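J.: There's a structure below that I have some questions on.
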Amino acid sequence: MSNPVCVEVTRGNLVESRHSASVAVVDGDGKLVFSLGDVDAAVFPRSACKAMQALPLVESGAADAYGFGNKELALACSSHSGQDEHVALAASMLARAGRNVDALECGAHWSFDQNTVIHQARTIDKPTALHNNCSGKHSGFVCACCHQDIDPKGYVGYDHPLQQQIRDTMQSLTGTALGVDNCGTDGCSIPNYAVPLKSLAHGFAKMATGAGLEPLRAKASRRLFEACMAEPFYVAGTGRACTALMQLAPGRIFAKTGAEGVFCAAIPEKGIAIALKCDDGTGRAAEAVVMATLARFFEKGGEVHEGLMAMANKSLRNWNGIHVGDIRVTSALTN
């Protein structure tokens, strides 16, 4: 199945680039509410599934044992920009478990955000693992291990007990068998599993609604979603799409991006979740697609709908501030 063009990028009066995508919107019972393209194709969710990966942190009792509130749980689900607040909070999470940066196995990198990396270059000699955009998730992993008396050493490995817990959790949520055959290694070194797009959306819809989940998991899912929606800065950072989406409609939209053009979102009050994949892996296209897809489920002409569509369709300006083109979603998403 050929996926439709969902985003166009213009220069002058001509279309310069086109981005095709697949989109699945699913309710808690697994019903496909809206779809575009091949939603049965398996995709790697990458960082979009971090809220699923954070469930053992809450379900094990570790989050309560270490006194984690909304900020810490949001950071555990994050792909943050490495701003000072993100780095400090990740360090604090580790300290509560009696650990430090040396326990992290995610690797170190400079921030992907231009303003933040300039600040980093002025204030530190080199980044540590705490500056890694996945350090919040990994700090949560270490804490989950320590609370359960599991040696965190090697926690990124496929056979580590924590990764087995995460694999079982994601398998239950998505209804997809997970193993070595559909496993890849993520940028932060942990296993990442390819699942059908609609199954990924269904997993998030179950988290958003509690449908089909045992009480402990339903409560933990709700807590993680609420934490992210309450503290969107700690999910991403200043100027980031995830943060902007959740700030636009406080407490109403959950959103989490992943690498290679993946984006997941949920509208808990509507009982639905979204998973999408842009074929070319472009982040700008994935952001536009998720914004326009979310807008479908808010009243047309209302503040949230108009805000989402304004974010999905935006002008492009060069370094002199001259309008040179636009990013715009196609009728595939708006009809």
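J.: Given the options Gly61, Gly82, Gly140, which has the most mean-square fluctuation in a GNM of the chain, springs set between C-alpha atoms less than 10 angstrom apart?
T.: Comparing Gly61, Gly82, Gly140 in the GNM, the peak value goes to Gly61.
J.: Hey, another quick one. Alpha carbon centre of region 239-269 versus region 21-66: separation in Å?
T.: Each part reduced to its Cα centre gives a spacing of 13 Å.
J.: Also: So for region 5-333, taking the charge dipole from beta-carbon charges (+1 Lys/Arg, -1 Asp/Glu), which of Met207, Cys146, Ala42 sits furthest toward the positive end?
T.: Of the listed residues, the answer is Met207.
J.: Next question, about the same structure. Taking 7 Å along the Cα-to-C-beta vector as the label spot, tell me the Ala88-Asp181 distance in nanometres, rounded to one decimal.
T.: Modelled inter-label distance: 5.0 nm.
J.: Per 0.36 nm of contour for each residue apart, how much would the distance between Lys126 and Ile322 grow if the chain were fully extended, relative to their Cα-Cα spacing?
T.: 67.0 nm
J.: Continuing with this model, one more query. About its Cα centre, how strong a charge dipole does the chain have in debye, to the nearest 20, once Lys and Arg get +1 and Asp and Glu get -1 at the Cβ?
T.: Computed about the Cα centre, the dipole is about 480 debye.
J.: Pairs of Cα atoms under 8 Å, at least six residues apart: use those to get the relative contact order of the chain, whole percent.
T.: 24 percent
J.: Let me ask you something else. What lysines could a cross-link reach from Lys270, if we take a straight Cα to Cα line under 23 Å and drop same-chain neighbours fewer than 8 places away?
T.: Within reach: Lys31, Lys50, Lys198, Lys206, Lys219, Lys256, Lys300.
J.: Output the lone cysteines of the chain: those with no second cysteine's C-beta under 4.7 Å from their C-beta.
T.: Cys6, Cys49, Cys77, Cys143, Cys145, Cys146, Cys183, Cys228, Cys242, Cys264, Cys278
J.: When the chain is modelled as a GNM with alpha-carbon springs shorter than 10 Å, which of Lys31, Lys126, Lys153 fluctuates the most?
T.: Lys126
J.: Helix 135-147: angle to the longest alpha-carbon principal axis of the chain, degrees 0 to 90, nearest 10?
T.: It works out to around 30 degrees.
J.: At Asn313 and Asn335, where each label point lies 7 Å from the Cα along Cα→Cβ, what is the point-to-point distance in nanometres?
T.: 1.6 nm
J.: With all distinct Cα pairs included, what does the Kirkwood hydrodynamic radius of the chain come out to in Å, to one decimal, could you say?
T.: 20.0 Å
J.: Just from its helices, what would the mean residue ellipticity at 222 nm be for the chain, if runs of 4 or more DSSP H residues each count -39500 (n - 2.57) and the sum is divided by every residue, rounded to the nearest 500 deg cm²/dmol?
T.: Value at 222 nm, helices only: -11500 deg cm²/dmol.
J.: Please list, ordered by chain and number, the residues whose modelled amide H lies under 5 Å from the amide H of Ser20; skip anything fewer than 5 residues away on the same chain.
T.: When sequence neighbours closer than 5 places are left aside, the close amide H contacts are Cys6, Asp279, Asp280.
J.: Then there is this: Set the Förster distance to 35 Å, then compute FRET efficiency between Ala65 and Gln171 from the Cβ-Cβ distance, nearest 0.05.
T.: 0.85
Just so you know, all these numbers are worked out from the coordinates, no wet-lab data involved. Note that this is a predicted model, so its numbers are computed, not measured. Every residue, glycine as well, gets a Cβ built from its backbone with ideal geometry; the counts of neighbours run over all protein chains shown.
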